[in-house]
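Here the structure is laid out as structure tokens; the discussion comes afterwards.
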Amino acid sequence: MNDENNLFSNLISQPLAARLRPQDLDQFEGQEHLLGEGKILRQMIESDKIPSMIFWGPPGVGKTTLAGIIARKTKAEFINFSAVTSGIKEIKNVMQQAEHNHSFGMRTLLFVDEIHRFNKAQQDAFLPFVERGSIILIGATTENPSFEINSALLSRCKVFVLKALSVENIINLLKRANEIFNLKISDELLKNLAVFSNGDARSALSTFEMLASIAGDKIITPEILEQCTSKKSLLYDKSGEEHYNLISALHKSMRNSDPDAAIYWLARMLEAGEDPLYIARRIIRFASEDVGLAEPHALEMAVAAYNACHYIGMPECSVNLAQVVIHLSICPKSNSLDVAYAKAKEDALKDLAEPVPLHLRNAPTSLMRELGYGKNYEFAHDFEKRITKMQCLPENLQNKEYYSPTTQGSEAVYKNRLEKIKAYKKSKYK
């Protein structure tokens with residue numbers, strides 16, 4: 001077998017995602033906020049002025065592909081390094097090579113895939129070489145760098161956040177893939193597959209490759225797609241009307257204190273493949289918008305549920321979301337915080353140029369003190385009951401009231417306390 005045939009055999013034996021991997025930025029799908037014309041990361045790559053940096057994003061969005069494009073573009077020596085298969089010994093060997101290159105004025109770009117898998121000692125091994133400029137480190141991670149990367153190393157790296165690919169991005173990739181397989185697949189099924197992939201190009205292309213292997217007549221039916229996705233019903237379009245209808249149904253069911261309906265709509269979304277972090281973010285909003293101080297711990301529980309979704313993902317985090325959804329459905333409701341903010345926002349937008357009263361301003365310099373900054377400020381801790389007569393609103397809004405607490409749940413305590421504060425001010429400072 002000649003070299004040409006060997007090359008062809010190697011190519012077709014590769015997974016589809018590898019065969020379609022872009023070779024340059026013009027072929028790259030997604031990340032327009034970083035790689036669009038004139039964007040900072042594109043400029044860095046095209047000018048070969050790469051700093052140490054971290055690519056943070058979900059699986060299948062192009063972190064490794066970007067590293068490959070940089071490898072082809074840069075004039076530096078490029079070393080591909082995996083945190084899964086490497087330890088301290090391998091790190092030291094690579095660092096010695098980088099130091100040797102540095103002594104001859106050569107740059108070394110070191111790409112570390114899944115850098116979050118390195119422990120503290122392994123990450124520390126990179127630090128002195130990054131500081132000296134012996135290596136330019138490019139790390140890729142699916143985990144939040146703030147938690148998984150040593151602060152000293154992270155402070156020396158620029159973090160670029162890569163987003164899940166859009167449905168349109170995935171469809172474009174699938175159409176490129178179909179130039180190889182020439183399957184007969186409708187636009188609707190192609191879109192369903194793109195939605196099912198949840199922004200992961202690797203997942204979409206792997207499923208497409210599976211379709212090609214089982215469709216003997218090259219005709220893709222909904223039943224064949226269902227087999228490959230293990231879904232009885234394909235996902236709703238996450239950017240379309242049904243997406244908003246379902247989250248609205250969940251929100252309104254919780255507001256109406258109907259835990260059975262709320263848990264049903266939660267299940268509808270999760271089983272359709274909705275991002276649990278999206279649902280968790282909406283629940284955090286609900287905890288303050290519709291529950292608020294009627295149950296002050298609701299916000300803590302909602303944030304805890306978001307963290308649980310972040311740490312363990314689906315399907316395990318479904319029960320964490322179920323816990324907070326049922327709790328928020330049953331607990332007392334109050335929208336007084338939302339109403340208060342809306343009233344304050346209306347006045348704030350009308351009076352954006354309203355100056356801060358002088359007595360509320362800090363006076364760190366003698367000039368500011370001479371101008372009256374901080375004059376007549378009343379330090380609450382020096383007064384009886386820690387309450388003064390001092391006005392804290394701009395002059396034209398003095399005595400305006402925005403927050404009107406309800407008697408629901410724990411907010412009754414806040415209402416009682418606020419009434420006592422107002423009564424004390426009225427009697428004490430007539």
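The values are calculated or read from the model by the stated rules, or taken from the named source; none is laboratory data. Because the structure is predicted, anything quoted here is derived from the model rather than measured. Here the Cβ positions follow ideal geometry from the backbone for every residue, glycine too, while neighbour counts run over all protein chains shown. Areas reflect the complete protein model, heavy atoms only, side chains present, ligands, DNA and RNA absent. Shrake-Rupley method; radii C 1.70, N 1.55, O 1.52, S 1.80 Å.
Ala344 - would you say it is within 25 Å of Asp260 (Cβ to Cβ) and either out of contact with any Cys (no Cβ under 7 Å at 6 or more places or on another chain) or open to solvent by less than 30 Å² (accessible area, probe 1.4 Å) (or both)? First the steps, then the outcome.
On the way: within 25 Å of Asp260 (Cβ to Cβ): no; either out of contact with any Cys (no Cβ under 7 Å at 6 or more places or on another chain) or open to solvent by less than 30 Å² (accessible area, probe 1.4 Å) (or both): yes.
The answer is no for Ala344.
Check the range 266-278 and report whether any residue there is of a type in the set (A, V, I, L, M), at pLDDT 95 or above and either within 19 Å of the chain's Cα centre (by Cα) or open to solvent by 60 Å² or more (accessible area, probe 1.4 Å) (or both).
There is no residue in the range 266-278 that is of a type in the set (A, V, I, L, M), at pLDDT 95 or above and either within 19 Å of the chain's Cα centre (by Cα) or open to solvent by 60 Å² or more (accessible area, probe 1.4 Å) (or both).
Just to be sure before I move on: is Leu328 touching a residue at least 60 places away in the same chain (Cβ under 8 Å), among the aliphatic types (A, V, I, L, M) and open to solvent by less than 70 Å² (accessible area, probe 1.4 Å) in the structure I sent?
Here the answer is yes, as Leu328 does meet what is asked.
Of everything in the range 25-46 that's open to solvent by 80 Å² or more (accessible area, probe 1.4 Å) and among the charged types (D, E, K, R), which residue is nearest to Arg176 (Cα to Cα)?
Within the range 25-46, the match that is nearest to Arg176 (Cα to Cα) is Asp26.
Pro332 fails exactly one of the following numbered conditions: (1) in a helix (DSSP H, G or I); (2) closer than 15 Å to Asp258 by Cα. What is the number of that condition?
(1)
Tally time: how many residues in the range 380-408 are part of a loop (DSSP other than H, G, I, E, B) and within 27 Å of Glu346 (Cβ to Cβ)? Full working, then the answer.
Filtering the range 380-408 for residues part of a loop (DSSP other than H, G, I, E, B) gives 383, 387-394, 398-408.
The next check asks that each one be within 27 Å of Glu346 (Cβ to Cβ); those that pass are 389-394, 398-408.
Qualifying residue count, the range 380-408: 17.
Please indicate, with yes or no, whether at least one residue in the range 384-394 is touching a residue at least 12 places away in the same chain (Cβ under 8 Å), open to solvent by 50 Å² or more (accessible area, probe 1.4 Å), under 28 Å from Ser288 (Cβ atoms) and in contact with a helix residue (DSSP H, G or I) (Cβ under 8 Å, 6 or more places away or on another chain).
yes
Here are the criteria: (1) under 20 Å from the mean Cα position of the chain (by Cα); (2) within 22 Å of Ala201 (Cα to Cα). Tell me which single one Met53 does not satisfy.
Only one criterion in (1) under 20 Å from the mean Cα position of the chain (by Cα); (2) within 22 Å of Ala201 (Cα to Cα) is unmet by Met53, namely (2).
Residues that are modelled with pLDDT of 85 or more and surrounded by fewer than 16 Cβ atoms within 10 Å (Cβ to Cβ): list the helices (runs of 4 or more DSSP H) wholly contained in the range 74-192 that include at least 2 such residues.
In the range 74-192, 88-103, 120-132, 151-154, 167-181 are the helices (runs of 4 or more DSSP H) which contain 2 or more residues that are modelled with pLDDT of 85 or more and surrounded by fewer than 16 Cβ atoms within 10 Å (Cβ to Cβ).
Which condition breaks for Ile54 when tested against (1) within 19 Å of Arg156 (Cα to Cα); (2) aliphatic (A, V, I, L, M); (3) not in a strand (DSSP E or B)?
(3)
Of the conditions (1) touching a residue at least 40 places away in the same chain (Cβ under 8 Å); (2) open to solvent by 20 Å² or more (accessible area, probe 1.4 Å); (3) β-branched (Val, Ile, Thr), Ile284 fails just one. Which one is it?
Every listed condition holds for Ile284 apart from (1).
Does Gly60 count as closer than 23 Å to Pro145 by Cα, assigned to a helix (DSSP H, G or I) and not hydrophobic (A, V, I, L, M, F, W, C)?
So Gly60 fails the test.
Taking the residues in the range 96-117 that are among the hydrophobic types (A, V, I, L, M, F, W, C) and over 33 Å from the mean Cα position of the chain (by Cα) as candidates, determine which candidate is farthest from Ile138 (Cα to Cα).
Filtering the range 96-117 for residues that are among the hydrophobic types (A, V, I, L, M, F, W, C) and over 33 Å from the mean Cα position of the chain (by Cα), the one farthest from Ile138 (Cα to Cα) comes out as Phe104.
Restricting to the range 349-363, what's the tally of residues that are in a loop (DSSP other than H, G, I, E, B) and either in contact with a Ser or Thr (Cβ under 6 Å, 6 or more places away or on another chain) or open to solvent by less than 100 Å² (accessible area, probe 1.4 Å) (or both)? Break it down stepwise before answering.
If we filter the range 349-363 for residues that are in a loop (DSSP other than H, G, I, E, B), which is where we start, we get 351-357, 361-363.
Filter again for either in contact with a Ser or Thr (Cβ under 6 Å, 6 or more places away or on another chain) or open to solvent by less than 100 Å² (accessible area, probe 1.4 Å) (or both), leaving 351, 353-357, 361, 363.
Qualifying residue count, the range 349-363: 8.
I'm trying to understand the selection: among the residues of the range 228-265, which are assigned to a helix (DSSP H, G or I), open to solvent by 30 Å² or more (accessible area, probe 1.4 Å) and modelled with pLDDT under 80?
Within the range 228-265, Glu241, Glu242 meet the criteria.
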